[in-house]
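Some notes on the structure that comes next.
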Amino acid sequence: MNPKRRRSLSFPTTAFVFCLITFGILSLQKVVAGEALSETKAYYIVREGDTLWDITGHFYSDPFLWPAVWGNNGQISNPHLIYPGDPIYLASIAGGRYAQAAVQESEAVRPAPSTVPGVSTLHIARRIADTALLSREAEGKTGRVLACRADKVLLVREDEVFLQLPEGADASYAGPYQILRGLREIRHPQTGKKMGTLYGILGYARAIGEPEDGVVRGRIVASQYAVEAGDLIRKGAPPPKEIYSRFSKRALDGWVVAGLRTDDLLSQYDVVFLDQGAEQGVRDGDTFWVLEPERKVKNPSGSGKITLPDTRQAVVVVIHAEKETATALVTGSQGVFSTGSRVRARTE
């Protein structure tokens with residue numbers, strides 16, 4: 001047969017093939033859409049180009065939850081290596097539990113209505129409270145994650161680990177322990193003196209054995225981010241989901257020493273850190289005014305200058321008080337401010 005000769009299909013045959021192709025494409029689209037959106041399926045099938053970051057971002061609107069998805073899929077040894085056709089178990093599709101957790105993580109902080117202006121119940125997204133500014137003294141009283149019992153580098157919930165307990169830790173204390181990783185060094189914006197280190201809280205662990213020479217077997221019971229050997233641990237429970245904002249009992253003046261997201265252009269819903277803590281009488285829920293820089297003007301009726309009254313620029317609520325510092329949430333602002341702004345306790 002001459003290879004250049006091609007036999008054309010009849011019109012009915014062509015139409016039939018066209019219908020088959022069209023039906024196949026539509027069916028495939030339905031399968032892919034159902035795979036990505038259906039709430040009745042417990043598994044998502046990996047496609048070409050997918051990553052855990054992308055999958056978690058799509059289903060939970062927060063790609064930073066990928067370690068928890070990885071933790072629910074023990075068949076994946078390396079989270080950076082997933083392949084087309086791999087099934088990924090998604091707990092939210094199975095029963096809604098994980099979807100609810102994802103909402104709690106990514107949901108904005110919403111002040112509830114209150115009859116007292118500026119005082120309310122704050123619903124705190126977990127990730128917002130997962131930072132702490134530790135003094136040098138507090139840093140010296142931490143332990144460490146030594147190693148994982150299995151041959152893993154990136155550790156998540158349910159992984160068993162060896163913990164080096166903090167100095168002077170009570171042998172009967174089983175946890176929880178916060179797992180910490182340093183983000184950056186913080187210096188006071190006025191004095192330049194090192195205050196400590198800003199830490200992210202990666203997750204929580206508990207001891208599951210008896211300590212021997214300061215080392216104990218433990219288990220990671222919650223993880224927002226992947227844990228590694230060398231990360232610090234300290235005694236500490238997860239933050240509450242709600243905090244009731246209130247007036248401060250003591251008149252205190254201090255400074256904003258750092259911001260979580262940035263040190264400039266801070267505004268509503270940003271997390272900031274203050275140089276006042278529990279040692280000065282600060283409590284979780286205490287409210288502070290952020291004040292505009294002090295202004296002095298020339299005295300028009302004589303010599304010298306007159307200091308103008310303070311102008312309130314923003315309101316922050318303490319969501320966690322350390323010994324010498326406090327983590328606070330900006331709940332209202334008129335414009336933006338920056339690190340180095342003055343703060344004053346709101347006592348009435």
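Each Lys or Arg adds one and each Asp or Glu takes one away; over the other residues whose Cβ falls under 14 Å from the Cβ of Gln276, this sums to 0. Other residues within the sphere of radius under 10 Å centred on the Cβ of Trp255, judged by their own Cβ, net out at -1 (K and R +1, D and E -1). Per the Cα gyration tensor, segment 272-321 maps to an equivalent ellipsoid with semi-axes of 33, 11, 7 Å, ordered largest to smallest. Site pair Ser303 and Glu167 shows an inter-label distance of 5.6 nm when each label is modelled 7 Å from Cα along Cα→Cβ. Comparing segment 188-231 with the 2.2 N^0.38 Å rule of thumb, its C-alpha radius of gyration ratio is 1.71 (two decimals). Cross-link partners for Lys305 among the aspartates and glutamates, with Cα-Cα distance under 19 Å and sequence neighbours closer than 8 places in the same chain left out: Glu292, Glu294. Charging the Cβ of each Asp and Glu at -1 and of each Lys and Arg at +1, and nothing else, the dipole of segment 230-348 about its Cα centre rounds to 360 debye. Dividing the C-alpha radius of gyration of segment 154-268 by 2.2 N^0.38 Å, with N its residue count, gives 1.31. Given their separation in residues at 0.36 nm each and the Cα-Cα distance between them, Val336 and Gln268 gain 23.6 nm when the chain is fully extended. Exposure proxy for Ser338, Ser301, Ser172, Ser248: other Cβ atoms within 10 Å of each Cβ, ordered fewest to most, give Ser301, Ser172, Ser338, Ser248. Note on segment 131-235: dipole from Cβ charges, positive end direction compared against Leu165, His188, Cys148; the farthest Cα belongs to His188.
Positive contributions from Lys and Arg (+1) and negative ones from Asp and Glu (-1), summed over other residues with Cβ under 13 Å from the Cβ of Arg187, come out at +1. When only alpha carbons of segment 242-345 are considered, Rg and Dmax amount to 14.7, 53 Å.
Mind giving me the nanometre distance, one decimal, between the label points for Thr191 and Ala278, set 7 Å out from Cα along Cα→Cβ? So the two model labels end up 2.1 nm from each other.
Quick note: the coordinates plus some simple rules give every number you see, no bench work behind them. Computed from a predicted model, the values in this text were never measured in an experiment. Please note: Cβ atoms are built from the backbone with ideal geometry, for glycine as well, and neighbour counts cover all protein chains shown.
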